[in-house]
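Student: Sharing a structure below in structure tokens format, with a few things to ask.
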Amino acid sequence: MFDDVRDLYSEAIRNHSRAPRHAGRPNVFDGSARGDNPMCGDRVTVFVRRGGTGLEGAGFEARGCELVTASADLMCDAVAGRGLDEITGIAGQVEAMARSGQMPDWVTQGCAHCDALEALQPLSAVHEFPSRLRCVTLPWTTLVAALGSDSKTSGDAA
Amino acid sequence: MNAISDIKPAFDVDVIRAQFPILSQTIRGKTFTFLDSAASAQKPRAVIDAMVLAMETQYSNVHRGLHWMSERTSDAYEGTRDVIARLLNAGSREEIVFTKNATEAINLVAHSYGRGVMRPGQAVLISAMEHHANLVPWQMLRDATGIELRVADITDAGELDMASVEAQLADGKVGLVAITHMSNVLGTVNPVARIAALSHQHGAKVLFDGSQAVVHRAVDVQAIDADFYVWTGHKLYGPTGIGVLYAKRELLEAMPPFMGGGDMIGSVSFERSTWAEVPHKFEAGTPMILEAIGLRAAIEWVEAIGMEAITAHEAGLVHHALNRLVAVPGLRVLGTAQDRGGVFSFAMEGAHAHDVATLLDREGIAVRAGNHCAEPLMRRLGVDSTARASCGIYTTPEEIDRLADTLVKVGEFFR
């Protein structure tokens, strides 16, 4: 039973949803945004710490299913240390991958410093579950909103 | 645990099921187990055929064409009003207003009665178990007019706290009590006659959201003494796009129109217009003609089976389902109301409701998952979201068993 959902609930996804490394409100952040899926009640808040033209690090708080949590956690691994424009591009590619199941170039061709990007590949399994697509994309759209957020509206919790 | 053989169906469910073409399908090779009727019910052949037959043989606009076809279509459309008045035991057919759905019916009351008849300083009282449809229109009324919005609490068992209702009514400021007849999340059936009597003692009118209740119980609006009673056709095996507002005639007479346009007017000039008599005053524009014909077929089909038999069938399923679900390891069924219908919300330890629903779906079992358009209720119960199984006239004990057996496997999968 459930053989056809084992791709969706892969070991990688389960590990990140059960023991997320980036869950929790970080002590220091300079931008944040909240994303809601009113249809199902999922809610995720993404916290970002920006520096120069890039992102130093990100964290999240999620109230939702395994896919939301795993996607958010994998996302935080994948985007740390990257430029803001690059991250927006990756967010778009992840959404396209989740919709189509087609792997982006960085999966099919490989690239330097791309281990964390390649780790996103299990999220592609959601393409066979259209009603769950937004579980995977919600953290990413929220991240993009957080990157554009006004730093004065969030702060240093210390 | 109850054996399946202990349950005496009030009618032959196989005969009923054979009348629903959609139920014979398989989903990804699995038996289609439809346990989402509280969201929208499937349609029997009688409803499908009535709508197709109307389009093939008897269709025109209503109330305006001076020709044979329009007269026949008008008769069919207006005939549904008579059938609904009979179903609800309304005092007269003019007390039945057609709307798009229950949500629109509540919005109609919030707009026409709330703004047109109620006054600032008064309050609307709802409960903590309301669907967003019976919450948001009153928030909009509050924000536009200053009419207060109050909320009566529920008990941990998921029943309406009548002491809270009474306390909220005590100062005499509540002009309208708007409460669900049956919860779409907990299945709780509220004591509507008691609520109406209590409200009337304190000078308040009552509106009941009967979207779930009318499917499972005989509803007599005069016996309840409801001032307003709203429901929707698609949950009663009818088509989408048609809902019903019952309101006492003197209330409809006192209320200004909701929307303006054709069909709702007496006379029109550029200076002023006058309104049509009730109920047409509230039915602007070309109405849902085919949907009314389909709804009539649904009501007559339900009446032919008999509401008593339907209620008995559901009671057997509730008994069986509670026995089976409580035995699933790690499963918590929300709400333990004494009087309840065939709606079961549950949370599984260690598994989110969406993940549970996805796995059930892979076995062909359709349930709803999420907050069920009742976010404040979810907060009151201390859960983020639940999965919900709900029964219809075609639901069998075997389907409940399939759900319970699969939930055991789902629990093992996520453990």
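Student: Within 10 Å of each residue's Cβ, count the other Cβ atoms and sort B:C373, A:C114 from fewest upward.
Tutor: So the residues, fewest neighbours to most, are A:C114, B:C373.
Student: In whole Hz and in residue order, list the ³J(HN,Hα) couplings for the stretch A:124-132 that follow from phi through the Karplus curve 6.51 cos²θ - 1.76 cosθ + 1.60, θ = phi - 60°; x for Gly and Pro.
Tutor: Along the stretch A:124-132, the couplings run 5, 4, 5, 4, 8, 10, x, 6, 9 Hz.
Student: Please rank B:W68, A:W140, fewest neighbouring Cβ atoms within 10 Å first, as an exposure proxy.
Tutor: Lowest count first: B:W68, A:W140.
Student: Another one. Using Cα pairs under 8 angstrom and six or more residues apart, how large is the relative contact order of chain A, in percent?
Tutor: In percent, rounded to a whole number, it is 32.
Student: Let me ask something else about it. Just the C-alpha atoms of the stretch B:10-62: what Rg/Rh do they give, with Rh taken as the Kirkwood radius?
Tutor: Taking Rh as the inverse mean 1/r over Cα pairs, Rg/Rh reads 1.10.
Student: Oh, and also: May I ask for the angle, rounded to the nearest 10°, between helix B:397-414 and the longest principal axis of chain B, with both axes built from Cα atoms and the value confined to 0 to 90°?
Tutor: For B:397-414 against chain B, the angle is about 60 degrees.
Student: Further question: Can you give the Rg to Rh ratio for the stretch B:48-304, taking only C-alpha atoms and Rh from Kirkwood?
Tutor: Rg/Rh for the stretch B:48-304 comes to 0.99.
Student: Then there's this: Grab the other residues whose beta carbon is less than 11 angstrom from that of B:T180, score K and R as +1, D and E as -1, and report the net.
Tutor: Within the 11 Å Cβ shell, the charges total -2.
Student: Now a separate question. Compare A:F60, A:F29, A:F47 in a GNM of chain A, Cα atoms joined below 10 Å, and give the one with the largest fluctuation.
Tutor: Top of the fluctuation ranking is A:F29.
Student: Grab the other residues whose beta carbon is less than 13 angstrom from that of B:N371, score K and R as +1, D and E as -1, and report the net.
Tutor: So the surrounding residues net to +1.
Student: Calculate the length of the line joining the C-alpha centroid of the stretch B:103-175 to that of the stretch A:16-35, in whole Å.
Tutor: Result: 38 Å between the Cα centres.
Student: What area, in nm² and to one decimal, does the C-alpha convex hull of chain A cast on average over all directions?
Tutor: Reported value for the Cα convex hull: 9.4 nm².
Student: Provide the net charge surrounding B:V278, with neighbours chosen by a C-beta distance below 11 Å and charges set as Lys +1, Arg +1, Asp -1, Glu -1.
Tutor: -2
Student: What's the exposure ranking of A:C135, A:C76, going from fewest to most Cβ atoms within 10 Å?
Tutor: Fewest to most other Cβ atoms nearby, the residues stand as A:C76, A:C135.
Student: In whole Hz, what ³J(HN,Hα) sequence does the stretch B:252-258 give by Karplus (6.51, -1.76, 1.60; θ = phi - 60°), x for Gly and Pro?
Tutor: Per residue, the Karplus-derived 3J(HN,Hα) values read 4, 4, 7, 8, x, x, 8 Hz.
Student: So which of B:K30/B:K235; B:K43/B:K281; B:K100/B:K281; B:K30/B:K409 end up more than 22 Å apart, counting from Cα to Cα?
Tutor: Beyond 22 Å between Cα atoms: B:K30/B:K235; B:K43/B:K281.
Student: So what is the 222 nm mean residue ellipticity for chain A from helices alone, if each DSSP H run of at least 4 adds -39500 (n - 2.57) and you divide by all residues, rounding to the nearest 500 deg cm²/dmol?
Tutor: Taken over chain A, the calculation gives -11500 deg cm²/dmol.
Student: Stretch B:N89-B:A144 to full length: gain in nm at 0.36 nm per residue minus the Cα-Cα span?
Tutor: Extra length available between B:N89 and B:A144 comes to 16.3 nm.
Student: To the nearest 0.05, what FRET efficiency results for A:R63 and B:E166 with a Förster distance of 22 Å applied to their C-beta separation?
Tutor: 0.05
Student: Cα centroid distance between the stretch A:127-149 and the stretch B:25-48, in Å?
Tutor: 31
Student: So who's got an amide H within less than 5 Å of the one on B:H63, skipping anything under 5 residues away but keeping other chains? H placed 1.01 Å off N, in plane.
Tutor: Residues meeting the criterion, in which the H sits 1.01 Å from N, are B:S74.
Student: Between A:A19 and B:R194, how high is the FRET efficiency from 1/(1 + (r/R0)^6) when r is the Cβ-Cβ distance and R₀ = 45 Å? Nearest 0.05.
Tutor: The computed FRET efficiency comes out at 0.35.
Student: Quote the convex hull volume per residue of the stretch B:315-396, based on C-alpha atoms, as a whole number of Å³.
Tutor: 105
Student: From zero up to wherever the largest Cα-Cα distance of the protein assembly as shown sits, split into 10 Å bins and tell me the percent of pairs in each.
Tutor: Pair shares across the bins are 3, 16, 22, 22, 19, 12, 4, 0.
Just so you know, all these numbers are worked out from the coordinates, no wet-lab data involved. The shown structure was predicted, so the numbers you read here are calculated from the model rather than taken from an experiment. Glycine also receives a Cβ, built like all others from the backbone with ideal geometry; neighbour counts cover every protein chain displayed.
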